[in-house]
Amino acid sequence: MEQTWTPAQTLVARSPLSETEAASLLRRAVAELDPSLTVFNDGSLTSALGLALFPAKLVAVILASFGLLAVVLAATGVYGIMAYAVSRRTREIGIRMALGAAPSQVARVVLAHTAMLLAVGITMGFALAFAAGRFFGQILYGVGAHDPLTYLSAVALMSLVAFVACWVPARRAISLDPLKALRTE
């Protein structure tokens, strides 16, 4: 008796059972239908796609790590710039406080300066990101190149980082004794 070769068939089933229980039930059902059929390479779709999707997941984790590192570096840079800007204005802050300015007024001046710098940075960053979105749109997954929620999230995060970064040096400058601030060079 000559056997003929038949191409492999794929059976996909959805079950609330565990992978091993579902596979054994399917093997038993196939054997009842036709004992000459052989079941091989059974398992969950998640495990079958796991190896195929591994490179994409690895790249996503690496890019997310670089993104987190970029946020930390940006926060450090903004903090450094704002701390330097406030330290350069220590004498001015001392004069303002010696002339009777309330700490809230001094903080408002420092925060207004930060808001101006932040507005310029956000405008330039938005323009560059919007232009770069055209080039990187093909490699994005699950989000558009010009997704407003992504842009708003980035603006909110960098605004928060900038104001926290300037608040610490501003508080330090406000807490200075005006006489000591006037003597600094």
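Looking at (1) part of a helix (DSSP H, G or I); (2) farther than 30 Å from V164 by Cβ, find the lone condition where D42 falls short.
Going through the list (1) part of a helix (DSSP H, G or I); (2) farther than 30 Å from V164 by Cβ, D42 breaks only (1).
Would you check if E32 is part of a helix (DSSP H, G or I), more than 34 Å from the chain's Cα centre (by Cα) and exposed (fewer than 11 other Cβ atoms within 10 Å of the Cβ)? Break it down into steps so the answer makes sense when it comes.
Numbers: part of a helix (DSSP H, G or I): yes; more than 34 Å from the chain's Cα centre (by Cα): yes; exposed (fewer than 11 other Cβ atoms within 10 Å of the Cβ): yes.
Criteria met by E32.
Condition first: closer than 25 Å to S15 by Cα and open to solvent by 90 Å² or more (accessible area, probe 1.4 Å). Now tell me which residues in the stretch 37-66 satisfy that.
Within the stretch 37-66, L37, T38, F40, N41, L45, T46, L51, F54 qualify.
If you scan the stretch 97-140, which residues turn out to be surrounded by 12 or more Cβ atoms within 10 Å (Cβ to Cβ), out of contact with any Phe, Trp or Tyr (no Cβ under 7 Å at 6 or more places or on another chain) and not aliphatic (A, V, I, L, M)?
Passing the criteria: P103, Q105, R108, H113, G121, G125, F130, G133, G137.
For residues in the stretch 100-112 being in contact (Cβ under 8 Å) with a residue 40 or more places away in the chain and out of contact with any Lys or Arg (no Cβ under 6 Å at 6 or more places or on another chain), which is farthest from W167 (Cα to Cα)? Steps first, please.
Initial filter on the stretch 100-112 (in contact (Cβ under 8 Å) with a residue 40 or more places away in the chain): 103, 106-107, 110-111.
Of the ones still in play, those that are also out of contact with any Lys or Arg (no Cβ under 6 Å at 6 or more places or on another chain) are 103, 107, 110-111.
Values: P103: 12, A107: 8, V110: 8, L111: 8 Å.
Filtering first and then ranking leaves P103.
Within the stretch 141-157, which residues are surrounded by 12 or more Cβ atoms within 10 Å (Cβ to Cβ) and over 23 Å from G80 (Cα atoms)? Even if it seems obvious, please write down each step before you answer.
Filtering the stretch 141-157 for residues surrounded by 12 or more Cβ atoms within 10 Å (Cβ to Cβ) gives 145-147, 150-151, 154-155, 157.
A145, H146, D147, T150, Y151, listed by residue number.
Hey, among the residues in the stretch 158-185 that are within 17 Å of the chain's Cα centre (by Cα) and of a type in the set (A, V, I, L, M), which one's surrounded by the most Cβ atoms within 10 Å (Cβ to Cβ)? Spell out the reasoning first.
Within the stretch 158-185, the first condition is being within 17 Å of the chain's Cα centre (by Cα), and the residues that meet it are 158-162.
Now narrow it down to the ones that are of a type in the set (A, V, I, L, M): 158, 160-162.
On the way: M158: 18, L160: 11, V161: 19, A162: 23.
Of everything passing the filter in the stretch 158-185, A162 is surrounded by the most Cβ atoms within 10 Å (Cβ to Cβ).
Mind checking which residues of the stretch 81-96 are within 28 Å of the chain's Cα centre (by Cα) and open to solvent by 40 Å² or more (accessible area, probe 1.4 Å)?
I81, Y84
Looking at L37, L68, L73, L25 in this structure, which one is more than 30 Å from R172 (Cβ to Cβ), part of a helix (DSSP H, G or I) and free of Cβ contacts under 8 Å to residues at least 24 places away in the same chain?
Only one candidate passes the filter, namely L25.
The values are calculated or read from the model by the stated rules, or taken from the named source; none is laboratory data. Fair warning: this is a prediction, and the values are worked out from it, not measured in the lab. Because the Cβ atoms are built from the backbone with ideal geometry, glycine has one as well, and the counts that use them run over all protein chains shown. Surface accessibility is based on the protein's heavy atoms, side chains included, excluding ligands, DNA and RNA. Shrake-Rupley method; radii C 1.70, N 1.55, O 1.52, S 1.80 Å.
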